[in-house]
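The values are calculated or read from the model by the stated rules, or taken from the named source; none is laboratory data. Here the structure is a predicted model, which is why all the values come from computation and not from measurement. Here the Cβ positions follow ideal geometry from the backbone for every residue, glycine too, while neighbour counts run over all protein chains shown. Accessible surface is based on the protein model in full, side chains and every heavy atom, while ligands, DNA and RNA are left aside. Shrake-Rupley method; radii C 1.70, N 1.55, O 1.52, S 1.80 Å.
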Amino acid sequence: MALEDPSWKIFFEENPMPIGFHENVNLIKEFCQQAAMKKNRVALVTSGGTTVPLEQNTVRFIDNFSAGTRGSSSAEYFLEAGYQVIFLHRSKSLEPYFRHLVGKNIFEMIEVSPDNVAVGKKHQLELGKLAEKYQRHRCDLLMISFSTLSDYLWLLQATAQQMQILGPLALLYLAAAVSDFYIPASQMPCHKIQSSGGPLSLSLQLVPKMLAPLVTLWAPNAFIVSFKLETNETLLETKSNEALLKYHHHVVIGNLLNSRKVHVVLVDSNSPNAEEIRLSSSDLENGIEIEFKIVENLKIRHDQYYADHKTG
Ligand code: 9Z3
């Protein structure tokens, strides 16, 4: 399918690679090579929303709602499950470990006396646990950031290609909220759109479906999990199944905008029935996050996939 439809190739011909691309690819390459030598599993976790700029010198852009909660929390659980993680995320969106500090006032957490500066007593346990986890995992975590849709797709392609060296040890977890529409670089005005031109009409092009080349060409041996976001419950399972049938990857996780933090459905090419993960009230009381259960579930599926695909 990817070979027949050249639209994804044209996208990369028409939209320039991001600044710092080669430096990032080198970091990713080294990370994957080291992991492959140690036979470690690596999860690529994509996270946050892509922007679609309206001008080349960008003053305005179309954005996406995602804060990166799914991706940043899942990255932590993959690390806890023994994976190394490439965290491909929207710049300034939530990040693993640091997400727990968002909205907290660091100055209120610190006690200052004339001869000492220390974490206040009531924050020591929480911050200590967090710092310990961060320090334990930081060498297994590679952070790469993007802003625009085009930057994201360039980095996704390159990361998937570098992960080929890992064969079935690689898992791709595509949680970023990726725009379906964009303005090709050649159709974007160079300078700020002036209001003196009157009301603005935009014509957006469809983004080529990158899952097709991703599955068949860029990461043919990896275990690939994509997300399907809907707002209409009646479409969720059908649309998730359609995605699986169309791209022939391994798992589609369907979620609804309003219930995504407590309920997801997993569809898998090997089983006819969807599996549901739903947080109970006791899970919620105990601070269990749905991503903990998603990663736990995927780890079992990836174990099976690895056992079926490893060559020696
Ligand atoms: C998701 O569905 C993610 O679960 C969310 C997470 C973006 C809903 P938050 O960051 O939200 O925790 O606030 N991601 C995939 C969204 C997407 O763009 N999917 C495409 C589609 O639905 C297919 S790849 O068509």
Subject >> Evaluation of SER93 against (1) surrounded by fewer than 11 Cβ atoms within 10 Å (Cβ to Cβ); (2) of a type in the set (Gly, Ala, Ser); (3) within 16 Å of the ligand (Cβ to nearest atom) (one fails), failing number >> reply: (1)
Original post:
What number goes with the only condition from (1) farther than 30 Å from GLN194 by Cα; (2) more than 16 Å from the ligand (Cβ to nearest atom) that VAL59 does not pass?
Top reply: (1)
Subject >> Residue selected from region 241-274 under the condition closer than 19 Å to LYS299 by Cα, in a loop (DSSP other than H, G, I, E, B) and under 20 Å from the mean Cα position of the chain (by Cα), by the criterion nearest to the ligand (Cβ to nearest atom) >> reply: HIS249
Original post:
So which pairs qualify, if the first residue must be in region 39-53 and at positive phi and in contact (Cβ under 8 Å) with a residue 24 or more places away in the chain, the second must be within 13 Å of the ligand (Cβ to nearest atom) and not in a loop (DSSP other than H, G, I, E, B), the Cβ gap must be under 6 Å, and the two must be at least 6 apart or on different chains?
Top reply: GLY48/HIS89; GLY48/ARG90
Original post:
Which of the following residues is in a helix (DSSP H, G or I), in contact with a strand residue (DSSP E or B) (Cβ under 8 Å, 6 or more places away or on another chain) and farther than 28 Å from GLN304 by Cβ: LEU155, LEU125, LEU166, LEU130?
Top reply: LEU155
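With the requirement that a residue be open to solvent by 10 Å² or more (accessible area, probe 1.4 Å), more than 16 Å from the ligand (Cβ to nearest atom) and either of a type outside the set (A, V, I, L, M, F, W, C) or under 15 Å from VAL225 (Cα atoms) (or both), what does region 67-83 give you?
Those that are open to solvent by 10 Å² or more (accessible area, probe 1.4 Å), more than 16 Å from the ligand (Cβ to nearest atom) and either of a type outside the set (A, V, I, L, M, F, W, C) or under 15 Å from VAL225 (Cα atoms) (or both): GLU80, GLY82.
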Original post:
Can you pull out the residues in region 165-188 that are open to solvent by 80 Å² or more (accessible area, probe 1.4 Å), more than 16 Å from the ligand (Cβ to nearest atom) and modelled with pLDDT of 95 or more?
Top reply: ILE165
**OP:** Only residues that are under 18 Å from VAL225 (Cβ atoms) and more than 20 Å from the chain's Cα centre (by Cα): list them for region 275-298, please.
**Re:** GLU275, GLU276
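Yes/no per residue for (1) under 18 Å from ASN221 (Cβ atoms); (2) in contact (Cβ under 8 Å) with a residue 40 or more places away in the chain:
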residue	(1), (2)
GLY254	no, no
HIS263	no, no
ASN286	no, no
GLU289	no, yes
GLU296	no, yes
ILE300	no, no
ASP303	yes, no
Original post:
Which residues, counting only those in region 189-209, are open to solvent by 30 Å² or more (accessible area, probe 1.4 Å) and touching a residue at least 60 places away in the same chain (Cβ under 8 Å)?
Top reply: PRO189, CYS190, HIS191, LYS192, ILE193, LEU202, LEU204, LYS209
**OP:** Please enumerate the residues belonging to region 248-268 that are of a type in the set (A, V, I, L, M) and within 24 Å of GLN304 (Cα to Cα).
**Re:** VAL251, VAL252, ILE253, VAL264, VAL265, LEU266, VAL267
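Per-residue answers, yes or no, for (1) open to solvent by 20 Å² or more (accessible area, probe 1.4 Å); (2) aromatic (Phe, Trp, Tyr); (3) within 13 Å of the ligand (Cβ to nearest atom):
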{"position": "GLU13", "(1), (2), (3)": "yes, no, no"}
{"position": "ALA36", "(1), (2), (3)": "yes, no, no"}
{"position": "LEU44", "(1), (2), (3)": "no, no, no"}
{"position": "ASP63", "(1), (2), (3)": "yes, no, yes"}
{"position": "ILE86", "(1), (2), (3)": "no, no, no"}
{"position": "TYR97", "(1), (2), (3)": "no, yes, no"}
{"position": "GLY103", "(1), (2), (3)": "yes, no, no"}
**OP:** Mind listing just one residue for me: the one in region 210-236 that is assigned to a helix (DSSP H, G or I) and more than 13 Å from the ligand (Cβ to nearest atom) and, of those, most open to solvent (accessible area, probe 1.4 Å)?
**Re:** GLU233
